[in-house]
Every structure is written in structure tokens, then in C-alpha cells.
Amino acid sequence: MTARVFVTLKPSVFDPQGHTITEALHQMGYPGVEDVRHGKYFELTVPAQTADEARALAAEVAHKLLANPVIESYRIEVAE
Amino acid sequence: MNFAIVVFPGSNCDHDAYHAAKHVLGQEAHFVWHKDASLGAADVVILPGGFAHGDYLRTGAIARFSPVMTAVQAFADSGGPVIGICNGFQVLLEAGLLPGAMLRNTDMYRCEYVHVRVEQTDTPFTGLCTPGQVLKVPIAHGEGNYYADDETLDELERNRQVIFRYATSSGEVTAAANPNGSARNIAGICSRQRNVVGLMPHPERACEFALGSGDGKVVLESVVNALARA
């Protein structure tokens, strides 16, 4: 089973990389892109039998390692 | 005094720390590989600068799970003086030995001399400083933008845990003197018990005038003095 983990900075935390990317896009002629938030994407292959089991395992490792709860939050999707 | 200098794969200021402790201060110093479970005979622990595990995932995120960190945690819990410099500071934050986290610098990687104002002198690493003393020390980092939520920042201020702030050469804390966007110009903090210190600038690289500044020497001299008096 595959668990997908999306890690992003919390909305209250300034994102220097996203800001720099936004500025670059404006310079390239895309003023319509008002804001960019930069994040990370992980694909975990897990031996879980059920989606709930996969989700629980992904949440545990996301909390302990993949995300830093001080500045980041995460979202999980599970695929068969 | 015996300085234990932890070496992670990717540390690159370990030898600078060793040189400062051993050859400038004339103390005993030894390296400790990150997979070792023991710090050996240690009076002080230095987590040096560099790029532990290539800064993969987040700075310090992998290093905090190295076996040696259990020993560092126990050493810190027993009141032993621990200093994390640059990447070492990032490791201490990820390990939860100090509060907060690092974000990318607001603009870019910065490698230059800065000035920091000493805010508190009752830590093992600032005991020989005078309050408000300004130190000229180098920085070299892309992720030194110190972040903590307002509640945590207020708590740090209340407990006098902010020990270094980026300032002008005359000691004024201004936005222009802040090289990386750090909250409240914070360059270094200490733990609630005051024995664990983390800072982004490199005092160990500023211990000899021949290298551009001798201002950092007082940080390591302070801990030698603190231990000699203990």
C-alpha cells in the first residue's frame, strides 16, 4: 500500500522559498500567481492491510520525522 | 577541561572547534563519532557546524536520531555544558533540547562577519562577557532564520533565554543588522536550565586575530572558567 504525505509550513509561518519563487514568477511575466507555498511530498510504501493502518503508520512517522511540528503541518492520502 | 566534539557525517567545523579548544585554549579535546553511544571523558560538549547528513529533509532532522544524541541528552540533563554552533544549534532545536525551529534565511545564504550583542552573562558560555558586549563573529548559513511562535518567544524573553542578538557594531539591535530574518534578532539562546546553548554565529572561528577576529574566544574561555570554578 502507498501512503502519500504532504508536508507544508503552517499558514502562520513565513515561507522564504515560496516568496522567492513568487517573485521569480512575477519577473517571468506571471503576475497572476499571487502566492506560492513551498512544501515536500513523500511516498511511503507500507505493508499495511487496511487504509486505516497505513494512515496511522504514515501519521506516526510524519509526526516524528517527516515534519517538524513547530513549523510544519502534514496531510496524508492512502492509495491501494 | 575535556572538550568532546561530536562528528556527524557532513560536519565541517569539527576541526575548527578542536583547534580552538586544544591549540588556542590549551585544553584537552577529542572527537566523538555520531554512532558512539558514549561521549568519553567529557566536561563540555560541542555540536559543531556543518551539514550533518547533507541537511537532508531538514537541517539537523536526521542527526538528532544519531546514537550519540542519547548521551548528549543525558549529559545535558545532568547539567553538563553543551554548545551547538550553527548546524549544531539546528540539531539541538530538532532534538528538542532548545525550543523553536529554523526557517530558510529571508533572502539567501549569508557568509560574512556580523555583530552580536551579549544579552545574558549567567550561562556557562557567556560568563566572562560583560552585559551588552558586542562580539564580531562570522556566520555561514542558509537556514538561520530563527522561528518560534509568539508565546514561546515571550517565554524566552521572560526567562532571559535569549543570550545573543544580531546588532550593529555599536550594539544597536536593528532590522538592518539582522542577516537572516530571525525573530527578534535572535542569534543564540540557552535552555531553561541555562547549560545548553545554541547560536548561529561561529565563535570557534573567531578565536585568533590572525583569522580576522578574536572576539569569539571569550565564549569558550567562559566555559573553561565556569568549570574551573565549579
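The table for this structure:
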| read-out | value |
| --- | --- |
| Qualifying residue in the stretch B:188-200 (condition: modelled with pLDDT of 95 or more and more than 19 Å from B:G88 (Cα to Cα)) | no |
| Evaluation of A:Y30 against (1) surrounded by 15 or more Cβ atoms within 10 Å (Cβ to Cβ); (2) over 16 Å from B:L57 (Cβ atoms); (3) among the hydroxyl-bearing types (S, T, Y) (one fails), failing number | (1) |
| Subset of the stretch B:135-184 (residues that are within 23 Å of B:P124 (Cβ to Cβ) and touching a Cys at 6+ places or on another chain (Cβ under 6 Å)) | B:Q161, B:I163 |
| Residue within the stretch B:34-45 that is in a helix (DSSP H, G or I) and in contact (Cβ under 8 Å) with a residue 12 or more places away in the chain present | no |
| Residue, farthest from the other protein chains (Cβ to nearest Cβ), within the stretch A:24-42, restricted to residues that are in a loop (DSSP other than H, G, I, E, B) and either closer than 17 Å to B:N145 by Cβ or of a type in the set (F, W, Y) (or both) | A:Y30 |
| From A:K64, A:K10, residue being basic (K, R) and either more than 14 Å from every other protein chain (Cβ to nearest Cβ) or farther than 18 Å from B:N105 by Cα (or both) | A:K64 |
| Scope the stretch A:14-23; condition within 13 Å of chain B (Cβ to nearest Cβ) and either closer than 19 Å to A:L65 by Cα or assigned to a helix (DSSP H, G or I) (or both); matching residues | A:P16, A:Q17, A:G18, A:H19, A:T20, A:I21, A:E23 |
| Given (1) out of contact with any Leu (no Cβ under 8 Å at 6 or more places or on another chain); (2) farther than 22 Å from B:D215 by Cβ; (3) in a loop (DSSP other than H, G, I, E, B), index of the condition B:A61 fails | (1) |
| Within the stretch A:8-25, considering residues that are among the hydroxyl-bearing types (S, T, Y) and more than 19 Å from A:R75 (Cα to Cα), the one surrounded by the most Cβ atoms within 10 Å (Cβ to Cβ) | A:T22 |
| Residue match in the stretch B:107-116 (condition: surrounded by 20 or more Cβ atoms within 10 Å (Cβ to Cβ), outside any strand (DSSP E or B) and acidic (D, E)) | no |
| Strands (runs of 3 or more DSSP E) contained entirely in the stretch B:119-181, each with at least 1 residues that are small (G, A, S) | B:134-141, B:162-167 |
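The values are calculated or read from the model by the stated rules, or taken from the named source; none is laboratory data. Keep in mind that this is a model prediction, so the values were computed, not measured. Every residue, glycine among them, receives a Cβ derived from its backbone with ideal geometry; neighbour counts consider all protein chains shown.
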